[in-house]
Structure formats: C-alpha cells, structure tokens
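Asker: Got a structure for you, questions after.
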Amino acid sequence: MRALETVLVEKGYVDPAALDLIVETYETKIGPRNGARVIAKAWSDPAYKARLLADGTAAVAELSYGGRQGEHLKVVENTPELHNLVVCTLCSCYPWTVLGLPPVWYKSAPYRSKAVLDPRGVIGDFGVSLPASTKIRVWDSTAELRYLVLPMRPEGTEGWSEERLADCVTRDSMIGTGLARIPEVAS
Amino acid sequence: MNGAQDLGGMMGFGPVMPEPNEPIFHGEWEKRALAITLASAALGEWNLDMGRHARETLPPGEYLTSSYYEIWTKALAKLLIARGMITPQELAEGRALVPPVATKKPRADAAAAAKALAAGSPYDRPKTAPARFAKGDVVRTKVMHPLGHTRLPRYARGKTGVVVAVHGVFAYPDTNAHGLGEQPHWCYGVSFTGREVWGPDAEPDLEIMVDCWEPYLEPTP
C-alpha cells in the first residue's frame, strides 16, 4: 500500500496535498450527519419531504449536499406497512453525499449475499425486528442511482427542533438495517 | 461476468457483523487506499465501469478473502500496470524506476480535487431514442452469462418483473467497461417478487428492486 502510494507520488501522478484533502473530506465534512439533517428536515417540513421524495438530488442540494456518489439520489420512505432496505450486491454503491463512506459490513459478503435473500434475517442481525405485517422492499443498487431510506419518525418527538430530531436519525436507519430512535440520555 | 462480486443469494458467510462505534477508517492505510484510488481514477485513464471490472476479475478466492480496501488497491495496481503507468518492479521496490506516461487528464491539486468531489460525475446522458418500456410494463430479464462486465446480477436473470420507474438514459456498463464506448441506454427500476426470484420458500411479500438497462430486458409475450 505504501509502496503503491510512493510510486504514484514519485512519478507525479498524484499530489500528496490532494490525497490529504480527499481523506479530510470524508473524515470531517461528509458523513451520516448530512443525511440525518435531511431526514429531520423532511420530518419537520411536509413540503420539503414532498420535494425530497420527488427529486432526492435536488432536495439535498438545498442543504448544500451533493457531489461524488450522490449524483442520482432517490429517497424511499418507510411506513408501518413497508420497510425499505438498501444494498449493493455487486460492489459497494452507497450514497456518499448524505451518508459518507460505507461501513465495512455494508461492503461485506454476509450483507451483500443475504440482504436480497433474507432481509428480515439481516435486520435481525442488527438486533431489530419488524412486525410480521410489515412488507420488506429491498433496493439493489445495480445502476448509478443511490438510495437513501427516509425512516419513520419516532413517537414522542412532536414539536422537536430539527436539530434534536437529527439526533434520532442513525446511519443504519437511513440504510434500512435500523430504525430511528430517541437517543438514550447519557448518564 | 459470473465473478465473486456477484454475491446476491449466496449462502454460508454467516451473520452480518456490525462493528460497534466503527471508525471511518481502520488505520492509516485505509485512508491512503481511498485517496490514491480516487486520485488515480481522476487521471482519466479508466472509467468507473473499468474500475469495477478490475475488482471483479480478481480470482474469486482472493476477492472473498480480501477486505474491501484491499480489493480496491489490488484492482488499482492492476489498472496502473495494464496501462504502463507503473511497472511490477516499481511496485515491488516501492520507488519510481521509469518515467511516467502521459495521462488523459492532469494531476489534480487539492483545490481541483475538492472541486471534483463536490461536482461528482453524473452518468445520465441525453435521450436520443424513445424508451422501449413504460411504467407498468411486465418485462423479463435476459438469461445471459457474458464473459465481460454486466450489472444484471445472476439472481435476477430470466425473471419476470414490472417496470416501476423509468430512470432516464445512462452510460451502459457492459460496453463502457471494455473501451467500447458509453453507448447510453434507458435504465429502469424493475420490481420482482421474492417468490419469482427465490421460489415458494421466499419471504412472504418480499419485493426486490433492481435497476436494469434496456438491453437486459425483453417484453413478455
């Protein structure tokens, strides 16, 4: 790994400052907090939610989120009747602009193999169980569309500010392997 | 190709193991792997689909026992060597031994890299022909086993589904991965029932959505 980087830098193919910029971007600027803000706004503002579901790319751009691996964003809404789960069985396609880089498990063989065959089992691996009456729709990211789940707003959050609501939105709830939940108060 | 990347429906890998409080990177080398992969791709010597094909042509045993950043860096080394940008000896010795070759795009500095990440690179293309299918059409995916790159997973081949979205026209991976041009085609969201894909033992009410380029689809009689 270091050998490869050294050769690329010595030959002038890559600029070390650009490499640092790329790492810094995904360490500090682009991550699931972006998506959480989008979801909190959708929960708070019905007109925004309608725009988000109609054109995800344009709606997240309103919050200044956009760019690589978010060029064609589609947002899918969870309801009591329908739960959405996102996977890329063929590689690691993931909506970077709103979730950052994918976690290891998302790119792993267990997740990619099982999500389309046994999604309820996968969700169970995350300690989550859905009512038997909830239908599951799995989105396999086989083309250039990237999918973001709009999770259900937790009960008991009426009147909360967008900032407070964003704390309920976990990364996994925006992939479909988790649910949005009121955070436990640190003791 | 029917490589190890096409994992949907395989069994025996065990449960999904989420890592509590997973860090963004597991060590410095993962940061470098991400950065050199993106920065090298920006030189324009290969496209997204060529990059994916380089990963999926790793031998299956190697693919399945490598971490994802290992898959990236192994594929990156393959791409660089295949284009004469680096030599195996340089990689082995970890130093430059021969002059660089000219690349299609110039090396990006930090400002250019920031701009490129923020801009992204959309893959939709102008619509030059009418779409063959419309929402609500019942379609069947082709049975095919191409030697080259494709984005139609094995589990979704030869299956009957319903077009639920017409996404637009996008660069076609099956040609773009092989230097045959983007040859853009319409791309559709197609819904399959779990029963159609997996048979009677499928999870009841399961629905699987697969984005399919037009050449993957045939009308049902």
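Asker: Round to a whole angstrom and tell me the spacing of the C-alpha centers of the range B:84-139 and the range B:61-78.
Answerer: Each part's Cα centre sits 18 Å from the other's.
Asker: Sort the following peptides by mean Cβ neighbour count (other Cβ atoms within 10 Å, averaged over residues), highest first: B:206-212, B:43-49, A:126-132.
Answerer: Result, highest mean first: B:206-212, B:43-49, A:126-132.
Asker: So if R0 is 22 Å, what FRET efficiency would A:Val9 and B:Glu22 give, r being the distance between their Cβ atoms, rounded to the nearest 0.05?
Answerer: That pair, A:Val9 with B:Glu22, gives E of 0.15.
Asker: Rounded to the nearest 0.05, what FRET efficiency do B:Val164 and A:Glu24 have when you use their Cβ-Cβ distance and R0 = 45 Å?
Answerer: Once rounded, the FRET efficiency stands at 0.70.
Asker: Something else about it: Assuming R0 = 41 Å, what is the FRET efficiency of A:Tyr48 and B:Leu91, from their Cβ-Cβ distance, to the nearest 0.05?
Answerer: 0.25
Asker: While we're on this one: Pairs of Cα atoms under 8 Å, at least six residues apart: use those to get the relative contact order of the range B:170-221, whole percent. Present the calculation step by step, with values, prior to reporting the outcome.
Answerer: Details: 64 pairs, mean separation 16.6, N = 52.
That works out to 32 percent.
Asker: Which of the cysteines found in the protein assembly as shown have nothing to pair with, since no other Cys Cβ lies under 4.7 Å from theirs?
Answerer: Cysteines of the protein assembly as shown left without a disulfide-compatible partner: A:Cys91, A:Cys168, B:Cys187, B:Cys212.
Asker: Relative contact order for chain B using alpha-carbon pairs under 8 Å, separation at least 6, rounded to a whole percent? Don't skip to the answer; put the middle values down first.
Answerer: On the way: 289 pairs, mean separation 42.8, N = 221.
That works out to 19 percent.
Asker: Follow-up question, since we're still on this one. Using a basic spin-label model with each label point 7 Å from the Cα along Cα→Cβ, how many nm lie between B:Lys104 and B:Asn2?
Answerer: Output for this residue pair reads 3.2 nm.
Asker: Taking Cα pairs under 8 Å and at least six residues apart, what relative contact order does the range A:24-151 come out at, in percent?
Answerer: 33 percent
Asker: Can I ask one more? Where the centre of each part is set by its Cα atoms, how far does the range A:35-87 sit from the range B:29-52, in angstrom?
Answerer: What the calculation gives is 28 Å, centre to centre.
Asker: Next question. If the chain between A:Leu82 and A:Ser133 were fully stretched, how many nm would it gain, using 0.36 nm times the residue separation less the Cα-Cα distance?
Answerer: This chain segment gains 17.5 nm when fully extended.
Asker: I would also like to ask the following. Just to be sure I understand the rule: take each whole DSSP H helix in chain B, project its Cα atoms onto its long axis, keep it if the span is 18 Å or more and its mean Kyte-Doolittle hydropathy is at least -1.0. Which ones pass?
Answerer: Going by DSSP H runs, the hits are B:28-41, B:68-82.
Asker: Cα centroids of the range B:153-216 and the range A:113-161: how far apart, whole angstrom?
Answerer: Centre-to-centre distance over Cα atoms comes out at 20 Å.
Asker: Next question, about the same structure. Taking each residue of B:115-122 in turn, how many C-beta atoms of other protein chains fall within 10 Å of its C-beta, and what is the average?
Answerer: The per-residue average across the peptide is 6.
Asker: Separate question: Taking the number of other C-beta atoms within 10 Å as the exposure measure, put B:Glu30, A:Glu163 in order starting with the fewest.
Answerer: Ascending Cβ contact count within 10 Å gives the list A:Glu163, B:Glu30.
Asker: Also, quick follow-up: If you count the DSSP beta bridges with both ends in the protein assembly as shown, what percent of them are antiparallel, to the nearest 5?
Answerer: Looking only at bridges with both residues in the protein assembly as shown, the antiparallel portion is about 60 percent.
Asker: So, in nm, how far is label A:Arg2 from label B:Gln183 when the simple model puts each one 7 Å beyond its Cα toward the Cβ?
Answerer: 4.5 nm
Asker: Can you list residues from other chains, or at least 5 along the same chain, whose modelled amide H is less than 5 Å from the amide H of B:Ala177?
Answerer: Residues meeting the amide H criterion: none.
Asker: Summing Lys, Arg as +1 and Asp, Glu as -1, what charge do residues with Cβ under 14 Å from the Cβ of B:Leu64 carry, B:Leu64 excluded?
Answerer: Net charge around B:Leu64: 0.
None of the figures in this text is laboratory data; all of them are computed from the coordinates on show. The shown structure was predicted, so the numbers you read here are calculated from the model rather than taken from an experiment. Note that each Cβ is placed from the backbone with ideal geometry, even for glycine, and that neighbours are counted across all protein chains shown.
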